[in-house]
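To keep things clear, I will list the structure first and then write my remarks on it.
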Amino acid sequence: MRKKIVRTLALLSISLLFLTIGLWIAGVEKVLQDFGRFPAWAVIGVLVASGLNLQVVSFRLWRLLAYFGVRLPFGLVYKANLQGQFASLFLVSLIGQVVGRYWVLRGHEMSSVAVTTLTLIERVVMLLVGGGLCLFGMARLLDDGSISVFLDETAFVPFFATAFLGVAVSLWAGGSKFEKRLITQMYSRKSMSNFLETIVITFLAYGLMLGAFVLAGKSLAPDVEFMDLLAAAAITSFAASMPISIGGWGARELTAVFAFGQVGVPASSAMAVSILIGLCSTAVILAFYSLALDRKGRGVEEAADRLKLIAFSPLV
C-alpha cells in the first residue's frame with residue numbers, strides 16, 4: 001500500500017512539475033488571456049472530437065475482444081472502456097485501463113491476466129501508430145537528417161524479433177483459455193486482416209485527437225500551416241500517452257510548448273491549446289461516465305466502490 005501511495009505521489013509530482021515549468025515558460029497571465037480567446041466553434045469542435053474518440057476507442061476494444069473469441073454486447077464493452085478511461089484520470093493510463101476494464105469484465109469469464117494481455121496488445125498497436133506519427137512530426141519539424149540517421153543506426157529487426165519471442169513465450173506459459181485462444185488466433189488466416197483493421201481504427205482515434213489539436217491551434221494561430229500544426233500535434237499526443245504522468249497532464253503541456261513553438265505558435269497559445277484538449281477530454285469522460293452509472297440511486301455508491309478497487313487493487 002505504501003509503495004502505491006509513493007508511486008502515485010511521484011507521478012503526481014511529475015505532472016505538477018512539468019505543468020509548472022510549462023506555465024513558467026509561457027507566463028500564467030498570457031496563457032489565461034489566450035485561453036479566453038478560444039472561439040465557441042473551436043471549443044465545440046474539440047469536445048465533439050473527444051467524444052467521437054471515446055466511441056472509436058470503445059469500438060476498437062469490442063473488435064479486439066471479438067478477434068480472440070470473446071463476444072460480448074457492445075454496451076458492456078463500452079462501459080468497460082468508460083471505466084478504464086475514468087480510472088486513467090487518476091492513474092497511469094495503462095494501469096487505469098486494466099483496473100477499470102477488469103472491474104466491468106470480471107463477471108464475464110475475463111480474468112485479470114486476460115484483460116491485462118488484451119490491453120497490452122492494444123497499447124502496442126497504439127505505440128506503433130503513435131510512434132509512427134511522432135516520427136513524422138519530428139521529421140517535419142527537424143528536417144535536418146536526424147531522423148534518417150536514427151533509423152539507419154537502430155537495429156529494428158532484432159528488437160522486434162526479441163519482443164515477439166518474449167511475448168509468445170509469456171503467452172504460451174500463461175496456460176489460460178484466453179492465452180491459448182490468443183496464440184491460435186495469431187497464426188490464423190484472419191490475423192493479418194484483424195491487425196490491419198486495428199491499425200486503421202487506431203489511426204482514426206489518433207486522427208480525431210490530432211484534429212482537435214489542429215482545430216484549437218488554428219483558432220489561435222491562423223497563419224501557421226496545417227501540416228506544421230499536425231506535426232506538432234503528433235509529437236504532443238505521443239508524449240501525453242507515455243506513462244510518465246497522471247492522465248497525460250504536464251507531459252502534454254510541456255511538450256506542446258516546444259513542439260508548437262517550433263512551428264511559430266507562441267508558448268502561451270501552445271499551453272492554452274494543450275490545456276483545452278486536456279479539459280475537454282476529461283469533461284467528455286466524466287459526462288459519459290456519469291450517464292453510464294446506475295440510474296436507480298446506486299450510482300454514487302458504485303462509483304465509490306470502483307474507486308476503492310482502483311486504489312487497493314493488486315494490479316496497481
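Which length gain, in nm to one decimal place, applies between LEU279 and SER193 when the Cα-Cα distance is subtracted from 0.36 nm times their residue separation?
27.4 nm
What is the fewest-to-most order of ILE199, ILE235 by other Cβ atoms lying within 10 Å of their Cβ? Write down the numbers at each step before the final one.
On the way: ILE199 14, ILE235 24.
Fewest-to-most ranking of ILE199, ILE235: ILE199, ILE235.
Every number here is computed from the coordinates shown, using simple stated rules; none is lab data. These figures come from a predicted structure and were not determined experimentally. Note that each Cβ is placed from the backbone with ideal geometry, even for glycine, and that neighbours are counted across all protein chains shown.
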